[in-house]
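The values are calculated or read from the model by the stated rules, or taken from the named source; none is laboratory data. A quick note: this is a predicted structure, and the numbers were derived from the prediction, not measured. Positions of Cβ are generated from backbone atoms using ideal geometry, with glycine treated the same way; all protein chains shown enter the neighbour counts. Just the protein is used for accessible areas: all its heavy atoms, side chains included, with ligands, DNA and RNA removed. Shrake-Rupley method; radii C 1.70, N 1.55, O 1.52, S 1.80 Å.
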Amino acid sequence: MTSVVAHTGHADGDPRASGAGRWSILALLCFSLLLIAVDATVLHIAVPALTAALEPSSVELLWIIDVYSLVVAPLLLTFGTLGDRYGRKRLVLAGYLVFGVASAAAAFAPTPYALISARALLGVGGAMIMPATLSIIRQVFTDRHERAVALGIWSAVAAAGAAVGPLVGGVLVEHFWWGAVFLINVPILLVLLPTAARLLPGGRTRSDRPWDALSALLSVLGILGVAFGLKEAGAGHPAGAVAFLAGAWLLAWFVRRQRRLPFPLLDLDLFRRRAFCAGVGGVLLTVFSLVGLELMLAQYLQLVLGDSPLQAAVRLLPLMIASIAGGLTGARLLRWFGLRATMSGGLALTALSLTPTLAWGTEGHPIALTFCFVGIGFGIQVTLLAASDTIMSSTPEALAGSAAATEETAYELGAGLGVAVLGTITTIVYAPSLAQVPGIGPGAMDQARQSLASAAHIAREIGGASGDALLAAARLAFVSGLHSTIVVSVLLLGATALAVGLLVPGRSREGRDDPS
């Protein structure tokens, strides 16, 4: 995840913000961010074990995975303004408490609905912590050069956290149980809470700017309504279309309200700039493709190719390493080729790297899969870096805070909708593709059609030739669904690359990118 400064402020002479204290504060904030970023993807590897334990339906499983990001996305703007109004330190400390309680509740959740609720509460805690970390960095690091270094470290930690989430999940599930991916947060937060209370500067509050609670409510309910509608419609429930339309109507109301408010949660004037829209669209659609596909590929490795959780996590390492390499080299590529070529090139590389997987079935392609993961990871991280640069270079300094909040929201919204949409597409194709298997009763077949993880669980319970036949048929059906999601992702990435080529300004005659 790439990001930028969200708020302005000053250190106000706080002794903790001088000398080595600044870097201690940065280390604390980065460790906090690492927890949040890891939690967004840590469950991807744990899906088979979680499904065997709680037996969620396909819709419930999608909610378990992405309710976290869907709650974080709309609340980033809300808690960013609340931190300015009531104090960022208070918000971080409260966020630690919420995150810790939610982690414990998730670890021991007895039902799918209990886990969904705990994951939603985790999203609330994450949204309280994330914008405040950026604001405190801006407050503590008053020197521009040091601030740039600090923000670069912050961005690298955010990207690394999302990348290593599956690896952390694989190790914990392999040696403990699926709940360990949440329970590990609790002792860490017990250390972070008193440390933060001692180190973080208090700063000033801003009670002069009103906070519009209705706008916050409209954004949260609108996004959740759209996501709920997509999932329910994909499962064939009539309520899905109603929920989707209601969510879209609430978001339209939110937009109209922002235009009328003197102090909106989201400054819509930013979207009048073509390059800004292209950058935000690039972040949203790139993360949309990455997170949704990462979830599907993690299940492909474990349930189709037969990898253990740890083996699947290790197989995903090339994607993570390539992502880090893309982040490290992306700035140099930007200087060499400019915004438009770098961003569209990253999108095109990602799409091309996905294409070979359309010819694969249930057989393993270890070397080819590694090359595909490398291309996907490198292309996506370069795209995100270029998109972030596009957003900020096309934004006036006075609107930099709103631009940063919009970028973070696009990232989290892309993560949530990617799982919702691509997961729904996989379910729509998977269920009818799994035909009746001889020796399997109608009830067991209905449960097997919920998801590949459910089918694997049923196959293990039945055992014998019938169980093997069910698992083989389910694997083929899942591959058909996976191919459909890859086609959608490739088309979206290609269309976004084309839009970037048309909307993002090219180089000026002096060889610099035109920020207009």
*Where Lys and Arg each count +1 and Asp and Glu each count -1, what net charge lies around Ala322 among other residues with Cβ under 14 Å from its Cβ?*
0
_So, R0 is 25 Å and r is the distance between the beta-carbons of Val186 and Ser308; what FRET efficiency does that work out to, to 0.05?_
0.45
*Long-range amide H contacts for Trp177: which residues qualify at under 5 Å (H placed 1.01 Å from N, peptide plane, sequence gap of 5 or more or a different chain)?*
none
*Fraction in percent of alpha-carbon pairs per bin - 5 Å, segment 270-339*: 3, 14, 14, 19, 17, 13, 9, 7, 4, 1
*Which ³J(HN,Hα) values, rounded to whole Hz and listed in residue order, are derived for segment 461-475 from phi using the Karplus coefficients 6.51, -1.76 and 1.60 in 6.51 cos²θ - 1.76 cosθ + 1.60 with θ = phi - 60°, glycine and proline given as x?*
5, 6, x, x, 5, 5, x, 5, 5, 4, 5, 5, 5, 5, 4
_Three-way shape label, segment 214-327, alpha-carbon gyration tensor, a/c 1.5_ = oblate
_Per residue, how big is the convex hull of segment 416-457 when only Cα atoms are used? Give it in Å³._
63
*asked:* Tell me the net charge near Gly225. Cut-off is 13 Å between Cβ atoms, Gly225 excluded, with +1 for each Lys or Arg and -1 for each Asp or Glu.
replied: 0
*Solvent-accessible area per residue for segment 271-395 at a 1.4 Å probe radius, Å²?*
37
*Quote the relative contact order of segment 222-326 in percent (integer), defining contacts as alpha-carbon pairs under 8 Å separated by 6+ residues.*
14
*Among rounded, prolate and oblate, which fits segment 246-390 when a ≥ b ≥ c are the square roots of the eigenvalues of its C-alpha gyration tensor, a/c under 1.5 means rounded, and a/b larger than b/c means prolate?*
oblate
*Label-point separation (nm) for Val101 and Val242, each offset 7 Å from Cα along Cα-to-Cβ?*
3.3
_Please report the accessible area of Tyr430 (heavy atoms, 1.4 Å probe, ligands and nucleic acids excluded) in Å², nearest 10._
10
